[in-house]
Structure formats: structure tokens, C-alpha cells
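First up is the structure itself, then whatever we jot down about it.
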Amino acid sequence: MNSFPFKKIDAFTKGLSGGNPCACIYLDSVDDIADQEMQKIARELKGFVNEVVYLFPEEKCFLLKYYSAECEVDFCGHGTIGIMYDLISSRTDLLNQEIIRIRVRDSGLNVYNKIKESDSIFITAPPPVYNKLELEKKVIARALNIGKDAINNDFPLALINAGLNTLIVPVKNLELCLAILPDQFMLKDFCFENGIDIILIFTNDVADEKNKFRTRVFAPKFGYLEDPATGSGNSAFGNYLLQNNLWDGAGFSIEQNSSYDSPNIVKLDTVMNEEKKNVIFGGSAVVKIQGVYNLT
């Protein structure tokens, strides 16, 4: 039996909402666990968390790997926020650093430590890829189980990859946004047929005027219908806003999930890199369970 340090962490919350839970496994080396063991743990935790994050220290950075119950995942925003917020806040050497480097597959990413200023950390999303969208509006509406008139023609549809291939769909108002309930299995087939990882719907009609947008994210490809707070999806959305001149790059907050009164809060901001604005996403996190995971 192998045993690993384990935490269940809720990201994008300080306890005022449910956040987005992830399971975090802390290891000393990539040799400490096999790929099939990482997949087995994620499968065992299905229904408890959507993703499991594995952290391995490397020279001058940390390697992160992500698994859902179904498969290894290229990138998991809320898992990255959860495990890195916990790691930085619990280690004095990291708490005093402004930037901590992580590696996700072959990409090196920055984690911006703003815990002392705003009790948040921010992460650079992978560089965006703007894909051509050839799907008709009526096909997208049918997959979401809505009428095509629910889609807001004031904003374009888009397919952007900022870690996950994200279909971005504007809807007319908050009431419609909160009421959407797709069929999980039909939507899963739609995603696989069209090379889509997740679907983000949004409106600029919000419950709290402190926030600029309400988003919801559907992710049936990974074994669950809805992701309650999403780093990669909202990063794709941030790049969408920049691409369409809908955002000047100044920091703002997004409310996410299907609850009117208790949304999760995801923060977006930008940093300059080679005279170009790069989207960063962030928030805080809460450790809810801490112990040892025994894998038999």
C-alpha cells in the first residue's frame, strides 16, 4: 500500500461560496507514483472532486499533472489555484517570492503571489490559440438545450484554447444564463464530435455590480456536467474580451456558477510580456480536508 500527503482544497472561495473542489497530492519525485496510479486515485475520487492535481518539485520550479476520473487533463485552472495557493501560503520561502515558476507538460508558467496584498494568487494561462469556429448558431443552441434566440447577437461566438479548447457562447441575460440545463450525455457527444473541451456561456448582466460578467462552464467530456469555477475557461474568455476590444486589461472579477446569491469569484488581470497583454487568472482557496491518501 502506497500513502501520499493529501488535501481537499476549494478554489476561488474564502468560504463564502462553495468554490470548486480539487484533490491535491504532494510528492517528492515523479518516480513516487505511476501514471496508472494517478488515474486510479482520480477514478476513486469521482463524485467527490472533479480533478486531482499532483505536484512534484523540480529544480527552480514545480511540475503539475492533472487527472479527471476519465483521463489525464492538459490543464486545470482551479486545481492550480488550489494547490499553489496552499503551497505558497504554507511556506515562508515561497510566501516572500513575487513569482513562482511551474511546469505544465512542456509549458513553463508564472504564478504571481499576491497573498499579502489581496489574499490571492494569479496564474498565467497557456498562450491562447484562436481556432476557426464553423458551427452554426442553431447547432450550438440545440446542444445547450436552448432556443437560438437566447444567444446574444451583440457578441460573437468563438472557439479559443487557453489550456482547454473552449467554446464561448454569449447569452442575453442573467435569468437565461442561470436557467440553462443541457443534457450531459448529448452535450458530451457534441463536444467530442467538434473537438471541444469545455463550453463557457456568459452574460454582462450580473447579480452583483462589483463584478463585470457572469459565466457558467460545462465540461461533460471530463465526466461531469458543470464546473463551478474555472481558470482555463475564464482565461479563454479574457482573451476573447481582449481580441474583441471589450476589455482594456485592467483587473476585474467574474461571478461564476448557477447560483444567484452565492457565485464563486474568479479574478482576471493582465501582465505585459514583450509589449503584449497576457491574461492571468486568480483567486484564493480554502483547505477543507487534510490527511493521507492510502492507495491499495
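Could we say that Ile83 is crowded, with 24+ Cβ neighbours inside 10 Å, touching a residue at least 40 places away in the same chain (Cβ under 8 Å) and assigned by TED's automatic domain parsing to the domain that holds Phe122 here?
yes
Of all residues in the stretch 215-225, which are out of contact with any Pro (no Cβ under 7 Å at 6 or more places or on another chain), crowded, with 19+ Cβ neighbours inside 10 Å and either at positive phi or in a strand (DSSP E or B) (or both)?
Answer for the stretch 215-225, where residues must be out of contact with any Pro (no Cβ under 7 Å at 6 or more places or on another chain), crowded, with 19+ Cβ neighbours inside 10 Å and either at positive phi or in a strand (DSSP E or B) (or both): Thr215, Arg216, Val217.
Quick one: count up the residues across the stretch 86-113 that are charged (D, E, K, R) and buried (at least 17 other Cβ atoms within 10 Å of the Cβ). Show your work before the answer.
Here is the first cut: in the stretch 86-113, the ones charged (D, E, K, R) are 86, 91, 93, 98, 101, 103, 105-106.
Filter again for buried (at least 17 other Cβ atoms within 10 Å of the Cβ), leaving 86.
Number satisfying all stated conditions: 1.
Restricting to the stretch 25-70, give me the number of residues that are in a strand (DSSP E or B) and either of a type in the set (Gly, Ala, Ser) or within 16 Å of Leu295 (Cα to Cα) (or both).
Residues that pass the stated criteria total 7.
Restricting to the stretch 226-251, name every residue that is touching a strand residue (DSSP E or B) at 6+ places or on another chain (Cβ under 6 Å), outside any helix (DSSP H, G or I) and of a type outside the set (Gly, Ala, Ser).
Listed by number, the residues that qualify are Glu226, Asp227, Pro228, Thr230.
Which of the strands (runs of 3 or more DSSP E) found entirely inside the stretch 108-162 contain at least 1 residues meeting this: aromatic (Phe, Trp, Tyr)?
Those strands (runs of 3 or more DSSP E) span 120-124, 129-131.
List, please: which pairs have Cβ atoms under 6 Å, are six or more places apart or on different chains, and start with a residue in the stretch 44-63 that is touching a residue at least 24 places away in the same chain (Cβ under 8 Å) and in the same structural domain as Ile83 (by TED's automatic domain parsing) and end with one that is basic (Lys, Arg) and crowded, with 19+ Cβ neighbours inside 10 Å?
Within 6 Å, the pairs are Tyr54/Lys65.
If you check Glu226, Glu209, which single one turns out to be farther than 23 Å from Trp247 by Cα and in the same structural domain as Asp269 (by TED's automatic domain parsing)?
So the residue among Glu226, Glu209 that is farther than 23 Å from Trp247 by Cα and in the same structural domain as Asp269 (by TED's automatic domain parsing) is Glu226.
Condition first: surrounded by 14 or more Cβ atoms within 10 Å (Cβ to Cβ), at pLDDT 95 or above and in contact with a helix residue (DSSP H, G or I) (Cβ under 8 Å, 6 or more places away or on another chain). Now tell me which residues in the stretch 162-185 satisfy that.
Within the stretch 162-185, Thr166, Leu167, Ile168, Val169, Val171, Lys172, Leu176, Ile180, Pro182, Gln184 meet the criteria.
The values are calculated or read from the model by the stated rules, or taken from the named source; none is laboratory data. What you see is a predicted model; the values in this text were computed from it and never measured. FYI the Cβ positions are ideal-geometry reconstructions off the backbone, even for glycines, and counts take in every protein chain you see.
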